[in-house]
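Before I ask anything, here is the structure I am working with.
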Amino acid sequence: MIRKIVFLFFLSLLLTPALAEQNQWEDLDGTQQKLLQKYQSQWNQMPEKKRANILKGLSQWNTMSANQKQIAQKRLEQWQKLKPAEKQKIRDRFKAFNSLPPETKNQLRNKAQKFRSLSPEQKLKLRKKWKSLSPAQKKRILRRRAMMKKLTAKQRRIIQQRLRQR
């Protein structure tokens, strides 16, 4: 057992330099080098993770349709116009979302999809309704939502059925 561990340790030492040298500029094909030309002078000094992310993004870009590329370009421009504080707020919300359990993420995605499927008039109506509520009313609604989240699916269904009957 100890021999295996020692062998694996030395093997990892031998492989580490090879792994660190992945994605060197010289290893990229001609198309990649052409598209990533602005990075040429700093490419080999970049951390491997950053190089891998750039190559992954390039790969995704190459599989996009012209319309998808146009949308992505527009989003990048919007992102670049944001203030650093706004960008950080978005990163924090993204991190918080990713830390949620899968079931909660799916519920939020479904709610967002449902909202996106509404007509512009319906969306506006909902936004106006929310804005017209007093802080106390908003607080009560948010508290009720938090309480409902703690219930099981069966308990939520029972409560919702009873509320509909009223």
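Give the residues of the stretch 1-29 that are modelled with pLDDT of 85 or more, assigned to a helix (DSSP H, G or I) and exposed (fewer than 10 other Cβ atoms within 10 Å of the Cβ), sorted by residue number.
Answer for the stretch 1-29, where residues must be modelled with pLDDT of 85 or more, assigned to a helix (DSSP H, G or I) and exposed (fewer than 10 other Cβ atoms within 10 Å of the Cβ): just E26.
When the stretch 122-146 is examined, which residues are found to be exposed (fewer than 10 other Cβ atoms within 10 Å of the Cβ) and either modelled with pLDDT under 90 or not basic (K, R) (or both)?
Scanning the stretch 122-146 gives S132, S134, P135, A136, R145, A146.
Under 8 Å between Cβ atoms, which residue pairs at least 6 apart in sequence (or on different chains) link something in the stretch 37-63 that is on the phi > 0 side of the Ramachandran plot with a partner that is surrounded by 11 or more Cβ atoms within 10 Å (Cβ to Cβ)?
none
The values are calculated or read from the model by the stated rules, or taken from the named source; none is laboratory data. Since we're looking at a predicted model, the values are computed, not measured. For neighbour counting, all protein chains shown are included, and Cβ atoms are generated from backbone atoms with ideal geometry for every residue, glycine included.
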